[in-house]
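Here is the structure we will look at, set down as structure tokens.
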Amino acid sequence: MQSTHNATDVRKNWGQFNDDVVRKGPQFVQRNRDEWAALSKEQLHAAFNSFYFNANLFHEDDGSITLSIRDLGIIANGETEEEALAELAEFLIDYAEEYQEEFELYYRSPNRRDHFPFIMNVLIQDDIEGVKSLVKCQHGEK
């Protein structure tokens, strides 16, 4: 079990605290009843890298491609798989931003709480290409 820092001490030694997070690993802080963890972006990537999206791929009668992430209710369509994937990634980014903006509501909703680690993985990506890499396509049924 890792020791917990007092928030007052963290505030007094902010520079050292940040250096410790980056160089030594996650740090835990307590302020009154609240406890929280500080992690570097690299550590966040390691913590959430196994949370990716399974998307069903459908070939439509008109020749277009539809991608669907059933668990999130997100569907995208494009003339090519790449177009559909880019649209799906944009939808994932929008959903992640909305989740973050309405965090208390979404995180406390029983049907959305489990989305949290997936949302974190979207939020820590550097660009849309990173988000697209989180989507694993598999052929679905019509």
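Return the carbon/sulfur percentage of the accessible area of the stretch 1-99, one whole number, probe 1.4 Å, all protein chains in place.
Details: 3050 of 6550 Å².
In the stretch 1-99, the share of accessible area belonging to carbon and sulfur is 47 percent.
Using the 1.4 Å probe convention, the accessible area of the stretch 18-106 works out to 65 Å² per residue with neighbouring protein chains retained. Report the calculated FRET efficiency for Gln30 and Cys137 (r = Cβ-Cβ distance, R0 = 35 Å), to the nearest 0.05. So, using R0 = 35 Å, E works out to roughly 0.20. Every helix of 4 or more DSSP H residues in the chain counts as -39500 (n - 2.57), and over all residues that averages to -13000 deg cm²/dmol at 222 nm. Remark: the stretch 88-141 carries a charge dipole of roughly 320 debye about the Cα centre, counting +1 on each Lys and Arg Cβ and -1 on each Asp and Glu Cβ.
Note on the stretch 74-130 and the stretch 5-54: Cα centroid distance 23 Å, given to the nearest whole angstrom. By a 1.4 Å probe calculation restricted to protein chains, His139 has an accessible surface near 140 Å², given to the nearest 10. Hydrodynamic analysis of the chain uses the Kirkwood radius over alpha carbon pairs. Inserted into Stokes-Einstein at 25 °C and 0.890 mPa s, it gives a translational diffusion coefficient of 142 µm²/s.
If the only charges are +1 at each Lys and Arg Cβ and -1 at each Asp and Glu Cβ, what is the size of the charge dipole of the chain around the Cα centre, to the nearest 20 debye?
1200 debye
Put +1 on the Cβ of every Lys and Arg and -1 on every Asp and Glu Cβ in the chain; which of Thr66, Trp36, Ser133 then has its Cα farthest towards the positive end of the dipole? The residue sitting farthest along the positive end of the dipole is Trp36.
The chymotrypsin sites (Phe, Trp or Tyr not before Pro) of the stretch 11-108 meeting both criteria, a DSSP state outside H, G, I, E and B (loop) and at most 14 other C-beta atoms within 10 angstrom of the site's C-beta, are Tyr52. Kindly provide the GluC sites (Glu not before Pro) of the stretch 57-112 that DSSP labels as loop, not H, G, I, E or B, and whose Cβ sees at most 14 other Cβ atoms within 10 Å. When the GluC sites (Glu not before Pro) of the stretch 57-112 are filtered for loop state and at most 14 Cβ neighbours within 10 Å, Glu60, Glu79, Glu102 remain. Each residue of the stretch 3-20 is assigned a 3J(HN,Hα), and the resulting list reads 6, 10, 8, 7, 4, 5, 5, 4, 4, 5, 10, 4, x, 5, 4, 5, 4, 5 Hz, derived from the Karplus form 6.51 cos²θ - 1.76 cosθ + 1.60 (θ = phi - 60°), x at Gly and Pro.
Counting only C-alpha contacts under 8 Å and six or more residues apart, can you give the relative contact order of the chain as a whole percent? Worked out over the chain, it gives 22 percent.
The values are calculated or read from the model by the stated rules, or taken from the named source; none is laboratory data. The shown structure was predicted, so the numbers you read here are calculated from the model rather than taken from an experiment. Because the Cβ atoms are built from the backbone with ideal geometry, glycine has one as well, and the counts that use them run over all protein chains shown. We work out accessible area using only protein heavy atoms, side chains counted, and drop any ligands, DNA or RNA first. Shrake-Rupley method; radii C 1.70, N 1.55, O 1.52, S 1.80 Å.
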